[in-house]
Amino acid sequence: MSLSPRKLLRVARWEVSRATGTLDRKTALLGAVALLLTLGVAAGGLLAGGVALDEDIYSVAVSPDSPYHDPVAASTPLEPVPVGSPAADVYVDDPDPSDRAASVSVADTRKGEAALSTFRAAVEGYNTRLLRAEANQSAAFPVGVTLTYVERASERIGASAVGGAVVGAGDTDDAGGAAGSGGGAGGRDAGGEGTDGDGALGVPDFGGAAGPLFGGQPTGSPAEIAPPFPFSSLVLAFAFLVPMNFVIQAYGSTILNERINRRGELLLVAPLSKADIVAGKTLPYAAVALAATTVIAGGVSVASGGNGGLLSVAAVFPIALVFLAATFVGAMFARSFKELTFVTVTVSVALTTYAFVPAIFATVTPIALISPLTLVVRDLQGEAVSIGEYLFSTGPFYLVAGTLFAMGTGVYREEDMFTQRAVPLKFLDALAVRLHRPRDVALLSALSIPFVFVAELLAVALLFALPQAAAVVGLLVVVAVVEEVAKGVAVFAGFHESRFEADLPTALKLGALSGAGFFVAEKATAVVQIVGLGSLPLGEAAFATSGVGADIGVLGGLVLLALPLVLHVVTAAVAAVGATRGVRSWGVTLAVAMAIHFAYDLTVVSALG
């Protein structure tokens, strides 16, 4: 369906005038305050490096004259209390303040033990800050360390296999040589960042206010080395995604308003295509989301020292499109504002989870590239991102957004907009409206691939931390369930809405078409090889079972390529037979198809080792 730019812009102008005309000052003021508070909290976390949830949870009885008083007072979780306090967690007995030696005792509780550990860390950190203030840094820190992270599957094991530590002298002299110029694994100059010539993964070390935000301390003295922490992902998810909730609330409301009391009937009878109407109504909200993303990206860029910019915006915008597309479909299906609220909350939680969880592993594993927020982190680090990595992170979002908009546009018609049907029935109707010929089943099955891809990638990220054996089995279960539902739902919709004859030959034909369409589209998952996800055990389990990346010769490759085609056709046909007799029979045959699929994948994964 073609779009007319002139008509599209006319609908967009009408939508802007309608939305601003119905928005009273009180509502606009409250929305602006809420948005400013959201951005303010995110900016506070960005500049402060975190939120002090553990402030003053341990009390330390220490004299104000004691040299240990300043470290306690400077520590966030520690609170100095008078020496005679009976309920303190740590007691510092310092009879002579001029003497650094002191007797430290703790309360006989688990909290006391934790307080002692925190007290020790506070004293060490305080001493480190004092050493940093020394003019002769080479004397203060005679040993320097630089960590270089390498892939677990790599065969590059040097002098220090754990993290690739490089140890050298703190200054340049005849005895020690240049700092950090040792010959450890992935050796680089001390303080260097980025990726070394051997492909090692560097952990960024930002300075200034954003220093604590982007995780860890990969360079410095041995006492200062710290692993990366994913707080950056949380702040970025909060800063970029939470404002989108305001946008989708307004967008979902305007779509649902068109369906109440048949208010949108005038648009339906106007000389406009459904695509012009939907695109025109969506354009203002997409523009607001883009503007908000640009402003936030600029603010984060300033806080991180000038890095970041266009790539950050390009990485987050497809997430905004999915927010809008999912909200549009939800508003077309919902029967009330209560249901719409449930839809928007579900969309927000699901997309935030998808964006945040994989980004936890930023700079450590290809798992992180599942989330577009990882591209933002890399952009802020000043690292280059290839076209393949960008497409891998954002491609599923663009495809999902396009498919959802197409699904919602299909039911943008009188018989669906102004009827009070249950949400599952409207979903089936949205699929059935696209079914005119048997081959349309194959097309819908192929269009389900973006959703399957997103679900499987999220499963890989969620199961990544589990033991490998359990994670692989759990992933194979998820793959079997997701793929069989994706192949079978279009066939069931066709039978449920009486688009096809409910007999055995038709069921077998539709099942074969659905399986073949799914198989052809599934080959697009070969893009995982671009970012190396197939080298991970979970990535291999998720994608290698379809014949992607196997190195077993031409004949073996053809056989391995044909096997998943047979699998998809057989399992889809099994489920389609049950779909001819109603939802219960479809559920039973669908479970059988899932079991066959799981058994096949488990056999392939076991055979491939």
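The values are calculated or read from the model by the stated rules, or taken from the named source; none is laboratory data. All values derive from a computational prediction rather than experimental measurement. With ideal geometry, Cβ positions are generated from the backbone for all residues, glycine too; neighbour counts draw on all protein chains shown.
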Exercise. Give the residue that is nearest to the chain's Cα centre (by Cα), with candidates limited to residues of region 581-609 that are charged (D, E, K, R) and surrounded by 13 or more Cβ atoms within 10 Å (Cβ to Cβ).
Key: Asp601
Quiz item: Among the residues of region 357-375 satisfying the criterion of being within 9 Å of the chain's Cα centre (by Cα), modelled with pLDDT of 75 or more and not hydroxyl-bearing (Ser, Thr, Tyr), which is nearest to Pro450 (Cα to Cα)?
Solution: Ile370
Self-check item: Of the criteria (1) more than 21 Å from Ile596 (Cα to Cα); (2) assigned to a helix (DSSP H, G or I), which one Val491 fails
Solution: (1)
Self-check item: Unique match (being at pLDDT below 80, within 21 Å of Ser312 (Cβ to Cβ) and among the hydroxyl-bearing types (Ser, Thr, Tyr)) among Tyr398, Tyr354
Solution: Tyr354
Self-check item: Output for region 573-582, where each listed residue is part of a helix (DSSP H, G or I) and either modelled with pLDDT under 90 or under 14 Å from Gly515 (Cβ atoms) (or both)
Solution: Ala573, Val574, Ala575, Ala576, Val577, Ala579
Quiz item: Looking at Ser253, is it modelled with pLDDT under 75 and within 27 Å of Ala326 (Cβ to Cβ)?
Solution: no
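So that you can scan it fast, the table gives a plain yes or no per residue for (1) over 20 Å from Leu256 (Cβ atoms); (2) surrounded by fewer than 24 Cβ atoms within 10 Å (Cβ to Cβ); (3) in the same structural domain as Met244 (by TED's automatic domain parsing); (4) not hydrophobic (A, V, I, L, M, F, W, C):
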residue	(1), (2), (3), (4)
Val316	yes, no, yes, no
Gly330	no, no, yes, yes
Val347	no, yes, yes, no
Val377	yes, no, yes, no
Leu391	yes, yes, yes, no
Phe397	yes, no, yes, no
Practice problem: Take Leu428 and decide whether it is closer than 22 Å to Ser273 by Cα, more than 28 Å from the chain's Cα centre (by Cα) and aliphatic (A, V, I, L, M). | Solution: no
